[in-house]
Number of protein chains: 2
Amino acid sequence: MSSATRAGEPTDEAPDAAKRRGRRPAGEDRRGDILAAARVEFGARGFDATTIRGVARAAGVDPRLVHHYFDGKDALFVAAFELPARPQQLIDGVLAPGVDGVGDRLVRLFTTVWDSDEGRQRIVALVSAASASEAGARMLREFLTREVFARIVARVGSDDAELRAALAASQMMGLALARYVVRMEPLAAAEPDVVVALVGPTIQRYLTGPLPAS
Amino acid sequence: MSSATRAGEPTDEAPDAAKRRGRRPAGEDRRGDILAAARVEFGARGFDATTIRGVARAAGVDPRLVHHYFDGKDALFVAAFELPARPQQLIDGVLAPGVDGVGDRLVRLFTTVWDSDEGRQRIVALVSAASASEAGARMLREFLTREVFARIVARVGSDDAELRAALAASQMMGLALARYVVRMEPLAAAEPDVVVALVGPTIQRYLTGPLPAS
């Protein structure tokens, strides 16, 4: 853990260097070790309390190797749970044209991302982790709050923004549960365009429509 | 399994009779054995394929003892997962006044039933079972379809009734996930009246409002 490193590529831990020196079995996968350690750390500590340093320690690697592979904690989370993209990029794209039509665009993004067999497995894994333990619930809550809904809240910019984001989250998570986990028909087999037309107006109302005074 | 029985109370298996003969330890809990077997059977086979007879076999008791304790398969499911009431009774009450205001009444019923610590544990257990395995997902899907939404569909009575029920299910399950499992604020701490005012209109639109042609 203390060897000299080149910027961005610690030679002690990089797979090529390790193979070259013959210190690791050919099949060794340091990136895989880091991802496995990250799943354990995120699951045990939640998103906020997990650190790159802690994941590195759990994986038995130098923190610089984690930074070499993953550009930040959110990228590490996305890779650990095999999410299809960093939410920052997806959400910014959905919000860029403004709040008009944002409900339809969010539902379309969501169904596009999760409609594959692989996407379905990922969302089942996240729901399973969230319901299996308090730490798993905290992990998903903190990740959604920091990395997904904080961005939406900032764009919507009303006093009710956090409540609006939580309401939108409830419908999006419920759509995921009904369509991909429990698979209730005819919603599970409906074409993405149909789902957008059905659920988009709900998201739009939650984010920008009139809400009752609370 | 073959002894003479009185109607509704099989002497071979009833706890009093067992204790009287001294064949069972004092702490033996035949009802608990049946519930444990039911959880395994429902989880492995789903709701539709589970039978009273199969649960009795798995619990090592006479099927008549299961019937003695539980008035039907839905009652056995409700007891096995410690749900607060049989959905038939709850749903019929919500639907009795007609479809006007049914969205608000469903959300109010839901938050009333699940807002306790115990209620929260039950819904977490159901979501956990549904996301842990395909059989668990099938169990929840079949139970919701047969025992909850078939009744709503029958009352709403439109061509789109199954789609409407699935959409309402998506928002109700998502509310459960956001409020009780992931616990996103400020939705998790909101008063029931506030949740009804926020989410009731969504359920009402899904059940009785105009939907886009699909």
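The table below lists the values:
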{"item": "Condition broken by B:Val102, with the remaining ones in (1) surrounded by fewer than 21 Cβ atoms within 10 Å (Cβ to Cβ); (2) outside the structural domain of B:Leu35 (by TED's automatic domain parsing) satisfied", "result": "(1)"}
{"item": "Scope the range A:81-107; condition assigned to a helix (DSSP H, G or I) and either among the aliphatic types (A, V, I, L, M) or within 14 Å of chain B (Cβ to nearest Cβ) (or both); matching residues", "result": "A:Leu90, A:Ile91, A:Val94, A:Leu95, A:Val102, A:Gly103, A:Asp104, A:Leu106, A:Val107"}
{"item": "Of all residues making up the range A:48-63, the number that are surrounded by 20 or more Cβ atoms within 10 Å (Cβ to Cβ) and assigned to a helix (DSSP H, G or I)", "result": "3"}
{"item": "Filter result for B:Glu134 (surrounded by fewer than 17 Cβ atoms within 10 Å (Cβ to Cβ), more than 19 Å from A:Leu198 (Cβ to Cβ) and either of a type in the set (Phe, Trp, Tyr) or within 8 Å of another protein chain (Cβ to nearest Cβ) (or both))", "result": "no"}
{"item": "Of all residues making up the range B:110-131, the number that are of a type in the set (Gly, Ala, Ser) and either within 20 Å of B:Gln89 (Cα to Cα) or surrounded by fewer than 19 Cβ atoms within 10 Å (Cβ to Cβ) (or both)", "result": "3"}
{"item": "Options A:Asp104, A:Asp62; residue that is out of contact with any Gly (no Cβ under 6 Å at 6 or more places or on another chain) and among the acidic types (Asp, Glu)", "result": "A:Asp62"}
{"item": "Condition met for B:Asp33 (surrounded by fewer than 15 Cβ atoms within 10 Å (Cβ to Cβ), among the charged types (D, E, K, R) and free of Cβ contacts under 8 Å to residues at least 40 places away in the same chain)", "result": "no"}
{"item": "Any hit, the range A:156-174, residues being at positive phi, surrounded by fewer than 23 Cβ atoms within 10 Å (Cβ to Cβ), over 14 Å from the mean Cα position of the chain (by Cα) and more than 7 Å from chain B (Cβ to nearest Cβ)", "result": "yes"}
{"item": "The range B:180-214: number of residues that are assigned to a helix (DSSP H, G or I) and facing another protein chain (nearest Cβ under 7 Å)", "result": "5"}
{"item": "Among (1) under 27 Å from B:Ala96 (Cα atoms); (2) in contact with a helix residue (DSSP H, G or I) (Cβ under 7 Å, 6 or more places away or on another chain), the one test that B:Ala154 misses", "result": "(2)"}
{"item": "Residue, farthest from the other protein chains (Cβ to nearest Cβ), within the range A:108-131, restricted to residues that are assigned to a helix (DSSP H, G or I) and among the polar types (S, T, N, Q)", "result": "A:Thr112"}
{"item": "Cβ-Cβ under 8 Å pairs, at least 6 apart or on other chains, the range B:107-130 side of a type in the set (A, V, I, L, M), far side not in a helix (DSSP H, G or I)", "result": "B:Val113/B:Pro84; B:Val113/B:Ala85; B:Ala125/B:Phe81; B:Leu126/B:Phe81; B:Ala130/A:Val182"}
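The values are calculated or read from the model by the stated rules, or taken from the named source; none is laboratory data. Remember, predicted model here, so these are calculated numbers, not experimental data. Here Cβ is always computed from backbone atoms with ideal geometry, including for glycine, and neighbour counts include all displayed protein chains.
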